[in-house]
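Beneath this line is the structure, given in structure tokens, with notes to follow.
The values are calculated or read from the model by the stated rules, or taken from the named source; none is laboratory data. The structure displayed is predicted, hence computed values, not measured ones. Every residue, glycine as well, gets a Cβ built from its backbone with ideal geometry; the counts of neighbours run over all protein chains shown.
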Amino acid sequence: MSDISITSTDREILAALGARLRALRKRRGLSIIEAAELSSLDRTTVSRAEHGDNPTLLTIVRLLRVYGRIGAIEAFLPPSEISPMELIRKAKAKSGRRGEETDD
């Protein structure tokens with residue numbers, strides 16, 4: 001069961017994110033200093049991220065890369081699906097480029 005829900009406060013979500021970053025670092029057997037060096041971040045930046053102190057997206061990306069979890073971004077921001085209406089618009093535009101008349 002996840003410790004983050006729709007009713008979680010921003011502070012709770014950031015604390016959970018920090019705890020997960022800390023767990024990933026420890027699973028890799030890295031100290032904060034090693035993680036900082038490998039991610040080209042300052043030690044205090046890594047520490048603050050692990051304490052849920054509003055890490056930047058760049059900090060999260062760098063740490064996930066070091067921890068071998070950059071693919072987690074896919075779950076965080078999955079590619080957007082094309083709506084049926086967008087598919088129709090694209091098909092119309094494509095057929096219009098071939099010299100066929102369109103309704104537009």
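List of remarks:
- Annotation note: of Leu38, Leu30, Leu64, the sole residue that is surrounded by 11 or more Cβ atoms within 10 Å (Cβ to Cβ), within 15 Å of the chain's Cα centre (by Cα) and either modelled with pLDDT of 95 or more or part of a helix (DSSP H, G or I) (or both) is Leu64.
- Residues of segment 67-96 satisfying the condition of being in a helix (DSSP H, G or I) and under 30 Å from Arg28 (Cα atoms): Ala72, Ile73, Glu74, Ala75, Phe76
- Verdict on Leu63 being within 21 Å of Asp3 (Cβ to Cβ) and either of a type in the set (A, V, I, L, M, F, W, C) or in contact with a Phe, Trp or Tyr (Cβ under 6 Å, 6 or more places away or on another chain) (or both): yes
- The set of residues in segment 1-15 being farther than 20 Å from Val66 by Cβ and part of a helix (DSSP H, G or I) consists of Asp10, Arg11, Glu12, Ile13, Ala15.
- Selection status of Gly52, at pLDDT below 95 and part of a loop (DSSP other than H, G, I, E, B): no
- Pairing residues of segment 28-51 that are touching a residue at least 24 places away in the same chain (Cβ under 8 Å) with residues that are part of a loop (DSSP other than H, G, I, E, B) and of a type in the set (Lys, Arg), at Cβ distances under 8 Å and at least 6 apart in sequence or on separate chains, gives Ala35/Arg28.
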